[in-house]
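Q: Quick one: structure below, then a few questions.
Just so it is clear, none of the values below were taken in a lab; they were calculated from the coordinates. All figures in this text were calculated on a predicted structure; none of them were measured in a lab. Please note: Cβ atoms are built from the backbone with ideal geometry, for glycine as well, and neighbour counts cover all protein chains shown.
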Amino acid sequence: NRILNNLGRGALIVIEGCDRAGKSTQCMKLVDRLEDQGIKARLLKFPGMFRSPSGSRIGQHPDMSFAYQPDRSTSIGQMINAYLTNAKDIEDHAIHLLFSANRWEAMTHLKSLLIAGTTVIIDRYAYSGVAFSAAKGLDLKWCKQPDVGLVTPDLVLFLDLPVEEAEKRGGFGGERYETKAFQKKVRDIFMDLRDRSWKILDARVSIDELHARVLEEVMRTIENSKALQIRED
Ligand code: T5A
Ligand code: NA
């Protein structure tokens, strides 16, 4: 292996969770807060489309023009959008590969941000990719393969919200995957995907309380990643 000098690189933080757990809300608050504290931070989202308050999907969230990169308007992003809104049917394996390709097409940009010392916050990553496709019945091992080789996160924060609570939040039920039984399966698979980078946070609390917990974990990770020494293995 090459000698890796990690000093000065940005940290990679992933926010995961089932639908409506509050991921996008927390991602935006977090990036805003880090920037306020003088920490260079950027937000990426997979798939690259946000939901507007009315429920339709839009390219860029109105609250985050300060942070978001225009990657979401890729042709792959558009295909995923058509699938999620039920405008188009795509075979299960094929849509799985498109979700993965949507991450791969952002890798050059992601790596350059991290190397330049920018902390990157990602709203969903490969864990969502595997959990949703495996919950449909696709083979778990097969589902993991396309994302092998993506940049590994330093921290994955899983916002854990019971499906019953998620249902009460706005917009649940409109899109593909938004049924109670399906979301329960997704959560079970997420739990099987946990690794050492994961922290599970109770998402039943207020937006501000959750933000405080998220910030605490993220600051600790940023400090640790700064402290990484040169690796020679
Ligand atoms: N998918 C995704 C795959 O199948 N494969 C993949 O590889 C990937 C990446 C769309 C779908 O695609 C699937 C998973 C999804 O089904 P998405 O675009 O991330 O993925 O989904 P969205 O619809 O944009 O987002 P979610 O439904 O997951 O919601 P969030 O981001 O978790 O929640 P958020 O922040 O938008 O909040 C939802 C509502 O709750 C309120 C908010 O104001 C909002 O109304 N809220 C709170 N209310 C009370 N207390 C709190 N603490 C709250 N926090 C937020
Ligand atoms: Na979201």
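Q: Fully extended, how many nm does the chain gain between Glu35 and Met219 (0.36 nm per residue separation, minus their Cα-Cα distance)? Write out the running numbers ahead of the final one.
A: On the way: separation 184, 0.36 × 184 = 66.24 nm, distance 1.25 nm.
Residue separation times 0.36 nm, minus the Cα-Cα distance, leaves 65.0 nm.
Q: For Ala181, what is the net charge nearby, where nearby means another residue's Cβ is under 14 Å from its Cβ and Lys, Arg count +1, Asp, Glu -1?
A: Values: positive: Lys136, Arg176, Lys180, Lys184, Lys185, Arg187; negative: Asp19, Glu164, Glu167, Glu178, Asp188.
Spelling it out: positives minus negatives among the neighbours equals +1.
Q: Trp104 versus Thr74, label points 7 Å from Cα toward the beta carbon: distance in nm?
A: Calculated label separation equals 1.0 nm.
Q: When a/c is below 1.5 the answer is rounded, else prolate if a/b is larger than b/c, else oblate, so apply that to segment 113-233 with a ≥ b ≥ c taken from the square roots of the Cα gyration tensor eigenvalues. Please list the in-between numbers first.
A: Working: a/c = 2.42, a/b = 1.34, b/c = 1.80.
Oblate, because a/c is 1.5 or more while a/b does not exceed b/c.
Q: Which residues in segment 18-49 place their backbone N less than 16 Å from a point set 7 Å from the Cα of Lys168 along the Cα-to-Cβ direction?
A: 20-22
Q: Any idea what the relative contact order of segment 143-203 is, in percent, if you count C-alpha pairs under 8 Å spaced at least 6 apart?
A: For segment 143-203, the relative contact order is 55 percent.
Q: Of the cross-linked pairs Lys88/Lys144; Lys29/Lys168; Lys45/Lys184; Lys40/Lys144; Lys23/Lys168, which ones have a Cα-Cα span greater than 20 Å in the structure shown? Please report the intermediate quantities before stating the final value.
A: Values: Lys88/Lys144 24 Å; Lys29/Lys168 22 Å; Lys45/Lys184 23 Å; Lys40/Lys144 31 Å; Lys23/Lys168 16 Å.
Among Lys88/Lys144; Lys29/Lys168; Lys45/Lys184; Lys40/Lys144; Lys23/Lys168, the Cα-Cα distance tops 20 Å for Lys88/Lys144; Lys29/Lys168; Lys45/Lys184; Lys40/Lys144.
Q: Tell me, what is the FRET efficiency for Lys111 and Asp195 to the nearest 0.05, using R0 = 30 angstrom and their Cβ-Cβ distance as r? The partial results should precede the final answer.
A: On the way: r = 21 Å, r/R0 = 0.70.
The value I calculate is 0.90.
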